[in-house]
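What follows is one structure encoded as structure tokens, with my remarks underneath.
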Amino acid sequence: MPELPEVETVVRSLQAVLPGRRILNVRLGKTDFIEDPAALERDLPGSRVRDVRRHGKFLVVGLESSAGSAHAGSLLIHLGMTGQILVGPPEAPVAPHTHVFFALDDGREFRYVDIRRFGKMRMLAGDSPEAPLEKLGLDPLEISEKQFIELVQSRSARIKALLLDQSVLRGMGNIYTDESLWRARIHPRRIGASLKDAELKRLYRAMQNILKEAIRLKGSSISDYVDAGGNPGEFQQKHRAYGRLGKKCFRGDGVIRREIVAGRSSYFCPGCQRAPRARKTGRAKRR
């Protein structure tokens, strides 16, 4: 957490308030999650926010120089597990674990809050703003059905691992992977190359629909996530697999189980998400 829908929700909140705003000054608290804090203090004051967009699970704040035209680079932000971005009046109470303050020219303040400080923040140079993001895969909301099928069927990894691999699909996380696999009736341990076209078409539609619905409901608020206005999401009320250990499946008589797949907790229904058949050992074959 947060995953693609949560980051997209925060980005859309910021798009409504940040573009065109000038950053007047920067105040930093703890900086162990910031790569080169001095660069923020040096380069951000006087710059104007050009745009705010999402790249996978990253927020990219495009900047213009104080002259108003030259590209001054970008501010790259990853929210980690507990990061929050809030924009409001400077007199608003300061939440515990607020580590970054940007004073804006409209009198408001941009604040970054992070209890565990697993997030990341760094300045990107104007001449190569995308360099740290080049290794990320395609966006789940932009990839075509044909691309998705070809991508999955060319891999011998488990489908859970493939969907979580940011070099394959940027932005997918544990929640929306489990929800997509449940809706598509595919077990998380299935091998990508073993999935048929019809199964992958079903998974593609499930993934797209779930992500779009989660964005519409402003993400899943399970722990600390809120949008830039401090508002929680509502998609957690629509979860059908994730976090429902021991509860009855919405689709039948099965009960949701939890297993570790690809190093992550995976929630699924063994009744409607059939496990792949175990491979026979050499000894079993000789018998």
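The values are calculated or read from the model by the stated rules, or taken from the named source; none is laboratory data. This structure is a prediction, so every number in the text was calculated from the model and none was measured. Quick reminder, even Gly has a Cβ in these numbers, built from the backbone with ideal geometry, and neighbours come from all protein chains shown.
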So is ARG189 under 20 Å from PHE148 (Cβ atoms) and in a loop (DSSP other than H, G, I, E, B) or not? yes
Yes or no: GLY80 under 22 Å from LEU124 (Cβ atoms) and of a type outside the set (D, E, K, R)? yes
Kindly indicate whether any position in the stretch 99-112 is β-branched (Val, Ile, Thr), in contact with a strand residue (DSSP E or B) (Cβ under 9 Å, 6 or more places away or on another chain) and closer than 30 Å to LEU40 by Cα. yes
What do you reckon, is ARG202 in a helix (DSSP H, G or I) and either within 20 Å of the chain's Cα centre (by Cα) or touching a residue at least 12 places away in the same chain (Cβ under 8 Å) (or both)? yes
Of all residues in the stretch 123-167 being modelled with pLDDT under 95 and either among the β-branched types (Val, Ile, Thr) or part of a helix (DSSP H, G or I) (or both), the one that is nearest to LYS201 (Cα to Cα): LEU133
Confirm whether ILE34 is touching a Ser or Thr at 6+ places or on another chain (Cβ under 8 Å), buried (at least 18 other Cβ atoms within 10 Å of the Cβ) and of a type in the set (A, V, I, L, M, F, W, C). no
Single residue of the stretch 205-229 satisfying the filter (out of contact with any strand residue (DSSP E or B) (no Cβ under 6 Å at 6 or more places or on another chain), of a type in the set (Gly, Ala, Ser) and under 22 Å from LEU86 (Cβ atoms)) that is surrounded by the fewest Cβ atoms within 10 Å (Cβ to Cβ): SER223
Quick check on the stretch 179-189. Is at least one of its residues among the acidic types (Asp, Glu), within 19 Å of ILE215 (Cα to Cα) and touching a strand residue (DSSP E or B) at 6+ places or on another chain (Cβ under 7 Å)? no
